[in-house]
Amino acid sequence: MSTPTDTRRIAVIGGGVSGLAAAYFVKKIARGKGRPVQVELFEEEARAGGKFDARLQNGYTVEAGPNGFLDSKPWTLELVRELGMQNELLPSDQSASKRFIYSRGRLHEIKPPPAFLFSPLLSWRARIGMIRELFARPTPAGKDTTLAEFGSRRLGREVVERLLDPMVSGIFAGDPQQMSLRASFPRIAELEEQHGGLIRAWGHIARQRRAAKKRGEEAGISSGPSGPGGVLTSFKGGVSSLTDRLAADMGEHLHTGDPVYRVTAAKSKVTLATGDGEFQADGVIMAAPAGRAAAMLQAAAPESSDILSQIPYSPMAVVGVGYDRGTLEEPPSGFGFLIPRVEKRKILGALWTSSIFPGYRSPDGKFLIRVMVGGARDHETPFLPDDELLATVKAELAVTMGLAAEPSFVTIIRWKEAIPLYTVGHLERLAEAESKLPPGIVLAGNAYRGVGINDCVREAEVAAEKVVGSLFQI
């Protein structure tokens, strides 16, 4: 790994999408500034990609982790264009606009405002009670609060239990009683601050849309198949197409099966103790999960290490079940459904994958459903023996969907640490952790400022800019 004396050596630790994208952006930024860099990426697993792992089995493509990204934010799409992968993109089908919540014994389609107010998902009392949102006390400036407290204060307890709770489960597999509003849903906190409440914000956004429609514009707000948040977009071969391409871009500078055990810092240099020996770097991007980053940083930054070690994660099992279409009374049409905790079911929900991406995730004549089990409030069910877990899933689908057919295909993927959880005070603790890091060490990854693919790509670029800027004083 010898380099010219004016070349800066940058190590990236962690080969998931955050680390791979960070390595890509370091090279891109340095090249644009005419600065020579050597970038080495260390990944302890045998393959790069992390939870971007599309399992190809029996003609099915089963995502072990995320299903895709929303096209309403630019970061992933821009990266895809730079990599020349536009032809590999796969937007979700129009049917994915239909999303459901299982409540009180049936599936309810989620409608956008104002049609939502006429949905039987909530009682009339709860729907009328939402009017009080116009007069609710605002969150004190600078104060963090839980999602449950915010929702109860502004919209009422039933809205929290029947709507907010499953929404949080769908994104974080989390508990709204513990999770930070500002860290988990910063846009909602911003809307309250800017407009004084959510109903006023919805009204403002609706006026923007009407004005934009008259001008033939989009006003920066997507209204595609996946709703106001944008169109869910993946890749024809699964989301790992992106990480595979980024890994290929690293070439011989990607070191898989090479864990980093310890990071130390002295005299403007950072030393990595790896499975293959020591590597001395001028800068390091820590893109490993928070717990692993904490363990590596114990010597170099004990206070930062202590804070990172306390970031909790939700466990999860992803159970892929495939059916012969002929055994289904009517194949599901839509995105899938989520289940509020108050229903006391044993699954978080299910994605109707063959409806979301028809023709790309299951063989002809088959239908794939991905069932999510576990989360912050259930650490046991995901780790049941395979036969017990499958029996649980089949029983839950029978209750929630009326699905009596026997699956002809099953695969089970378990994650002890599936999704990081941003509890109250997360952003303040993160700022403290970053302030205690030695010069040249930067954090990246989904444990800090967003769990979505777009968030990971955005934060990877921010981390790359920080490292390159600090090393070359630009």
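Quick look at the numbers
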item: Residues (touching a Leu at 6+ places or on another chain (Cβ under 9 Å) and either in contact (Cβ under 8 Å) with a residue 40 or more places away in the chain or within 12 Å of Glu192 (Cβ to Cβ) (or both)) located in region 140-162; result: Asp144, Thr145, Thr146, Phe150, Gly151, Arg154, Leu155, Arg162
item: Gly469 without any contact (Cβ under 8 Å) to a residue 60 or more places away in the chain and on the phi > 0 side of the Ramachandran plot; result: no
item: Filter pass, Gly230 being at pLDDT 95 or above, closer than 13 Å to Pro91 by Cα and in a loop (DSSP other than H, G, I, E, B); result: no
item: Test: residue in region 278-300 that is touching a Pro at 6+ places or on another chain (Cβ under 6 Å) and at pLDDT 95 or above; result: yes
item: Of all residues making up region 440-474, the number that are outside any helix (DSSP H, G or I), more than 20 Å from the chain's Cα centre (by Cα) and within 21 Å of Ile307 (Cβ to Cβ); result: 3
item: Lone qualifier among Glu417, Glu388, Glu396 - being in a helix (DSSP H, G or I), of a type in the set (Asp, Glu) and either touching a residue at least 24 places away in the same chain (Cβ under 8 Å) or in contact with a Cys (Cβ under 7 Å, 6 or more places away or on another chain) (or both); result: Glu396
item: Matching residues in region 187-201 - criterion: being surrounded by 14 or more Cβ atoms within 10 Å (Cβ to Cβ) and under 25 Å from Gly336 (Cα atoms); result: Ile188
item: Given (1) at negative phi; (2) at pLDDT below 95, number of the condition Thr411 does not satisfy; result: (2)
item: Selection from region 120-179 of residues that are outside any helix (DSSP H, G or I), closer than 22 Å to Ile347 by Cα and open to solvent by less than 60 Å² (accessible area, probe 1.4 Å); result: Leu121, Leu122, Ala173, Gly174, Asp175, Pro176, Met179
item: Thr7 being of a type in the set (Val, Ile, Thr) and either modelled with pLDDT under 95 or open to solvent by 20 Å² or more (accessible area, probe 1.4 Å) (or both); result: yes
item: Per-region count, region 407-439, residues closer than 19 Å to Lys346 by Cβ and over 25 Å from the mean Cα position of the chain (by Cα); result: 1
item: Failed condition for Ser304, given (1) assigned to a helix (DSSP H, G or I); (2) open to solvent by 40 Å² or more (accessible area, probe 1.4 Å); (3) among the polar types (S, T, N, Q); result: (2)
item: Residue match in region 374-381 (condition: in contact (Cβ under 8 Å) with a residue 24 or more places away in the chain and in a strand (DSSP E or B)); result: yes
item: Checklist (1) surrounded by fewer than 16 Cβ atoms within 10 Å (Cβ to Cβ); (2) among the aliphatic types (A, V, I, L, M); (3) part of a helix (DSSP H, G or I) applied to Ala433, failing item; result: (1)
item: Qualifying residues in region 74-119 (those that are aromatic (Phe, Trp, Tyr) and within 21 Å of the chain's Cα centre (by Cα)) - the one most open to solvent (accessible area, probe 1.4 Å); result: Trp75
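To keep it simple, each residue is scored yes or no on (1) exposed (fewer than 15 other Cβ atoms within 10 Å of the Cβ); (2) farther than 18 Å from Val62 by Cβ.
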{"position": "Gly375", "(1), (2)": "no, yes"}
{"position": "His379", "(1), (2)": "yes, yes"}
{"position": "Ala404", "(1), (2)": "yes, yes"}
{"position": "Arg414", "(1), (2)": "no, no"}
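Residue-wise test of (1) modelled with pLDDT under 95; (2) open to solvent by 50 Å² or more (accessible area, probe 1.4 Å); (3) on the phi > 0 side of the Ramachandran plot; (4) not in a strand (DSSP E or B).
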{"position": "Ala219", "(1), (2), (3), (4)": "yes, no, yes, yes"}
{"position": "Ser222", "(1), (2), (3), (4)": "yes, no, no, yes"}
{"position": "Ser241", "(1), (2), (3), (4)": "no, no, no, yes"}
{"position": "Val263", "(1), (2), (3), (4)": "no, no, no, no"}
{"position": "Leu272", "(1), (2), (3), (4)": "no, no, no, no"}
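The values are calculated or read from the model by the stated rules, or taken from the named source; none is laboratory data. Just so we're clear, the structure is a prediction, and the values are computed from it rather than from any experiment. All Cβ positions, even for glycine, are placed from backbone atoms using ideal geometry, and neighbour counts span all protein chains on display. The accessibility values were calculated without ligands, DNA or RNA, using every heavy atom of the protein model including side chains. Shrake-Rupley method; radii C 1.70, N 1.55, O 1.52, S 1.80 Å.
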